Amino acid sequence: MKAFVVTIALLLSLLCHAAFAQKTNDAPFAEFERQVRMEQGGWVGDEERLSVSFNDERKRLGDRFEPELLKYIRGDVEKHYWISFFLEDAGYLHGNTPLPQLALLIKEEGLSLARKGRDEESLNYTIGLSVTAAVLAQQLGLTELASAHKDEAEKLMASIK
C-alpha cells in the first residue's frame with residue numbers, strides 16, 4: 001500500500017510539473033522573449049528571425065494579441081521601439097495585416113518613456129521614435145502630429161554637439 005501511495009504521489013507530482021511547464025510555455029510572448037535573449041545582439045540581432053517569432057506569437061494569441069502585447073512592452077523603451085516596426089513595416093509583417101495605429105500608439109508610449117531618461121541612450125530613442133512617429137503620423141494623415149514629432153527630432157538633433 002505504501003508503494004502505491006508513493007507511486008500516486010510521484011505521478012501527481014509529474015503531472016503538476018508538466019502542467020506548469022506547459023503553462024509557462026503558453027505565457028504570452030515567452031517564446032518570443034526567449035528568441036530575443038538568444039540573439040547575439042538582442043533586438044538588433046537577426047531581425048528577420050525575431051519578426052517571424054513575433055508574428056507567430058501574434059497568430060497564436062489571436063484576439064488576445066493587443067492587450068497581451070501592451071502588457072508585454074510596458075515600461076521598456078527598447079520593446080516599444082522595435083515592436084512598433086514589427087507592426088507596420090512590410091518587411092516584418094510576414095503576411096500579417098499592418099497595424100499602423102497600434103504602432104503609432106506604441107511609439108507615443110515609447111516616447112513618453114524615453115523622454116524621462118537623461119542619458120545618451122534615452123536621447124537616441126527619443127530621436128528615433130520621434131522621426132519614425134513623424135513618418136507614420138504623416139502616412140496616417142495626422143499632419144499636425146507628424147509636424148510636432150519632426151520638430152522635436154530636429155531640436156534634439158540640433159542640441160547634439
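Each value in this text was obtained by applying a stated rule to the coordinates, not by laboratory testing. Being a predicted model, the structure only gives us computed values, none of them experimental.
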Derived scalar couplings ³J(HN,Hα) [the stretch 140-151; Karplus, 6.51 cos²θ - 1.76 cosθ + 1.60; whole Hz; x for Gly, Pro] = 8, x, 9, 4, 5, 5, 4, 5, 5, 5, 4, 4
Determine the distance separating the Cα centre of the stretch 40-60 from the Cα centre of the stretch 62-127; give it in Å without decimals.
-> 14
Sorted from largest down, what three extents in whole angstroms do the Cα atoms of the stretch 48-112 have along their principal axes?
-> 30, 23, 20
Computed over the stretch 103-159, Cα set: Rg, Dmax in Å = 10.6, 32
For the table 79/150; 71/155; 59/107; 116/150, the rows whose alpha-carbon distance is greater than 28 Å are 71/155
